[in-house]
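What follows is calculated from the coordinates using simple rules that are stated; it is not laboratory data. Every value quoted in this text rests on a predicted model; they were computed, and no experiment measured them. Cβ: placed from backbone, ideal geometry, glycine included. Neighbour counts: every protein chain shown.
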Amino acid sequence: MTDYSSHIGIIGGGIAGLTAGCALRLQGIETVVFERAHEISEYGAGISISPNALRLLKKLDIKDELIKSSFIPKSAVFNHLNKKLRDIHTEVVTSSRQKLIQVIYNKYIELGGEVIFEHEYVNLNQDTCEISFNNGHSYVVKHILACDGIRSSIRQQYFSSSGEPVYSGYSAWRGIGLSSSKQVQFYFGPGSHIVSYPIDDEGRTSFVGVIKTKESAGDSWKMKGSKADLLEDFKNYDENVFSILDSTADIYKWDIYVRPPLKSMCTKNITLLGDAAHPMVPFLGQGGCMAIEDAYTFAALAGRSSSDYKNTQILYQKIRLKRNNKIHATSMMQGKLNHIENSVLVFLRNLILKYTPIISIRLRGIWDYDVDEEIKQL
Ligand SMILES: Cc1cc2nc3c(=O)[nH]c(=O)nc-3n(C[C@H](O)[C@H](O)[C@H](O)COP(=O)(O)OP(=O)(O)OC[C@H]3O[C@@H](n4cnc5c(N)ncnc54)[C@H](O)[C@@H]3O)c2cc1C
């Protein structure tokens with residue numbers, strides 16, 4: 001059996017795990033990714049990547065390849081139901097999760113990285129750093145990066161304040177259809193909001209509609225829904241908003257789960273990254289971006305401290321806990337603003353959106369964050 005005792009063992013080949021693999025290999029650190037699926041796969045949902053993460057993808061030599069198969073909208077339009085409030089300049093790249101994962105995976109393989117599929121993590125021996133999988137295999141590694149997503153078993157087993165995933169009270173309808181719109185479109189309505197954007201030059205467009213509900217129906221990405229049920233949830237909107245979905249039968253309904261923020265992202269030889277560390281509601285489009293920031297930061301610090309992972313963990317935690325908890329809380333607040341129902345508050349929110357630079361100021365606070373600047377100041 002291959003000896004991985006000098007490698008970092010990464011559990012989970014999603015955005016966090018594969019980006020960490022690339023960033024670590026660029027620092028000259030050996031890695032192996034263990035992924036439970038039988039291949040790199042992602043559902044065809046849309047994802048937007050903002051400048052804070054794009055800058056890091058550029059440094060990892062991934063951004064240019066991503067852009068080739070994605071879209072760069074020039075503006076974002078904010079509407080209250082069907083009435084335009086304003087538009088702003090935007091700097092995001094919009095793509096599909098499939099494409100994003102594929103380009104990161106390709107880069108990881110190009111850098112000599114290894115992914116071992118059909119290996120579902122089961123448990124580990126923290127003293128020996130031996131990881132065991134559901135197929136009976138086990139491997140000793142030097143350090144473990146837990147990138148196993150919102151339902152992270154490692155978080156559950158080794159972090160006492162982990163908490164169970166809980167329903168956030170929001171459910172999302174999503175689909176990818178066709179549209180001629182070249183912009184990001186936001187629609188706010190009472191107790192709901194909708195976001196759509198093109199994800200390539202052929203007009204493929206991502207649609208996500210979010211409603212507030214009391215009960216979860218299930219958190220599978222694959223739970224199919226019908227357009228009739230979707231329209232029932234968004235009665236106040238003009239039907240034109242939903243024309244994107246005329247060209248697809250694949251409409252899914254999915255419940256959004258969160259976990260409470262952690263006090264620590266590290267323990268002994270285990271470090272949490274991405275949704276395993278901080279699953280958040282997606283209303284600022286930052287969950288994947290934070291996973292990229294986590295991965296880049298850990299690798300940069302590991303490179304700087306010549307693979308002294310104890311020291312890396314201390315600095316990683318110092319930088320990432322503050323940033324992730326802030327974005328987690330701001331995303332929750334954004335959900336509340338998006339879904340205001342009281343007509344006086346709706347009027348005030350719309351007034352502020354329309355006549356003040358509040359959106360740009362809030363976005364700049366997220367987008368201008370520079371990991372390398374933060375590391376320099378340590
Ligand atoms: C509707 C919606 C819209 C979103 N929009 C955006 C957006 O626009 N921009 C943005 O930045 N973010 C967005 N996000 C958030 C983003 O999708 C997540 O934050 C991101 O996918 C987290 O990546 P991850 O690698 O940490 O976890 P995941 O993507 O969940 O990857 C975890 C990986 O670990 C594997 N795994 C799990 N358990 C095990 C195990 N036991 N053993 C081995 N492997 C395992 C899984 O198979 C998977 O490959 C959105 C989320 C939703 C739901």
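Under the 0.36 nm per residue contour assumption, what length would be gained going from the current alpha-carbon distance of residue 378 and residue 81 to full extension?
Net length gain for the segment: 102.3 nm.
Report relative contact order for the chain in percent, whole number only (criteria: Cα-Cα under 8 Å, sequence separation at least 6).
Here the relative contact order equals 21 percent.
For 90, 248, 205, 356, what ranking results if the residue with the fewest other Cβ atoms within 10 Å of its Cβ goes first?
356, 248, 90, 205
With only Lys, Arg, Asp and Glu charged, each at its Cβ (+1 for the first two, -1 for the last two), find how big the charge dipole of the chain is about the Cα centre; round to the nearest 20 debye.
Dipole size: approximately 1360 debye.
Can you compute the label reach from residue 311? Point 7 Å from Cα along the Cβ direction, backbone N cut-off under 16 Å, restricted to the range 336-378.
Counting only backbone N, you get 375-378.
Assigning unit charges at the beta carbon (Lys, Arg +1; Asp, Glu -1) and nothing else, what dipole magnitude in debye, to the nearest 20, does the range 167-258 show about its Cα centre?
The dipole of the range 167-258 has a size of about 180 debye.
If you rank 304, 25, 174 by fewest surrounding Cβ atoms within 10 Å, what's the result?
Taking fewest neighbouring Cβ atoms as first place, the list is 304, 25, 174.
Using only helices, what value at 222 nm comes out for the chain when you add -39,500 (n - 2.57) per DSSP H run of length 4 or more and divide by the total residues, to the nearest 500 deg cm²/dmol?
-10500 deg cm²/dmol
Test of understanding: ordering 233, 3 by Cβ neighbours within 10 Å, fewest first, what list do you get?
By the 10 Å Cβ count, ascending: 3, 233.
For the range 246-378, what is the relative contact order in percent, using Cα pairs closer than 8 Å and at least 6 residues apart in sequence?
With pairs under 8 Å counted, the relative contact order is 23 percent.
Expressed as a rounded percentage, what relative contact order does the range 167-258 have, with Cα pairs under 8 Å and six or more residues apart?
43 percent
Along the positive direction of the dipole of the chain (beta-carbon charges: Lys, Arg +1; Asp, Glu -1; about the Cα centre), which of 343, 269, 216 reaches farthest?
343
Among 100, 181, 10, whose Cα lies farthest out toward the positive end of the dipole of the chain, if unit charges sit on the beta carbon of Lys, Arg (+1) and Asp, Glu (-1)?
181
Under a cut-off of 27 Å between alpha-carbon atoms, report the lysines in cross-link reach of residue 99, not counting same-chain residues fewer than 8 places apart.
58, 59, 63, 68, 74, 107, 182, 222, 224, 227, 253
Between residue 111 and residue 89, what FRET efficiency comes out of the Förster formula 1/(1 + (r/R0)^6) with R0 = 51 Å and r the beta carbon distance, rounded to 0.05?
0.90
Applying a 10 Å radius around every beta-carbon, put 10-17, 47-54, 157-164 in order of their mean neighbour count, most first.
10-17, 47-54, 157-164
Can you tell me the FRET efficiency between residue 123 and residue 355 if r is taken as the Cβ-Cβ distance and R0 is 56 Å, rounded to the nearest 0.05?
0.50
Charges on Cβ only, +1 for Lys and Arg, -1 for Asp and Glu, centred on the Cα centroid of the chain; of 51, 132, 309, which one is farthest towards the dipole's positive end?
My answer, from the dipole projection, is 51.
Rounded to the nearest 20 debye, what is the charge dipole size of the range 190-338 about its Cα centre when +1 sits on each Lys and Arg Cβ and -1 on each Asp and Glu Cβ?
Dipole size: approximately 1140 debye.
Just the number, please: percent antiparallel of the DSSP beta bridges in the chain, rounded to the nearest 5.
70 percent
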